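Taken together, the values in this text are just the output of simple stated rules run on the coordinates, not laboratory data. Predicted, not measured: the structure shown is a model, and the values here were computed from it. A quick note on method: Cβ atoms are made from the backbone with ideal geometry, for glycine too, and the neighbour counts reach across all protein chains shown.
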Amino acid sequence: MALHSTQIIALHWFYSSHENGEPASYKGTLEHFGEVLKISDPMNVLMSLLDMKLISINKNKFEVSITKSGIQLIESLKKK
C-alpha cells in the first residue's frame, strides 16, 4: 500500500497521539488541522485513511484513533 506524503504526515500525527496515550481529538476546525499539519486538503486525506482502515472515528467522543493496521504501517515505515 503506497501512501502520499500528506497521508503519512496525518497518520504519523495519530500514531504520536497513540504512543503518548492521548486521544487524537482536535479542538480546532478541519481547516486549522490542515494548516497545522501543512496539508492542503485535510478532508480528502482523512477520508482516504478511513477508507484504508488506518484510522477510525469514535462518533460519540469525536475522537479519531489509529487502528492496528495503521500502527503496523507506521512502524514498518520507521524501519525503512
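Using just its DSSP H runs of length 4 or more, each adding -39500 (n - 2.57), the chain gives a mean residue ellipticity at 222 nm of -17000 deg cm²/dmol after division by all residues.
Convex hull volume of the Cα atoms of the chain, normalised per residue: 94 Å³.
Think of each Lys and Arg Cβ as +1 and each Asp and Glu Cβ as -1; about the Cα centre, that makes the dipole of the chain roughly 260 debye. Across the range 61-73, rounded Karplus estimates of 3J(HN,Hα) from the backbone phi angles (6.51 cos²θ - 1.76 cosθ + 1.60, θ = phi - 60°) give 9, 6, 10, 10, 10, 7, 8, 4, 5, x, 4, 4, 5 Hz, Gly and Pro being marked x. Of all lysines in the structure, those lying under 16 Å Cα to Cα from Lys78, and not within fewer than 8 positions of it along the same chain, are Lys68. Identify, among Ile71, Pro23, Leu49, the residue whose Cα sits farthest towards the positive end of the charge dipole of the range 5-79, taking +1 on the Cβ of Lys and Arg and -1 on the Cβ of Asp and Glu, with the dipole about the Cα centre. Comparing the listed Cα positions along the dipole, Ile71 ranks first. Relative contact order for the range 5-79: what is it in percent, counting Cα pairs under 8 Å that are at least 6 residues apart? Across the range 5-79, relative contact order equals 37 percent.
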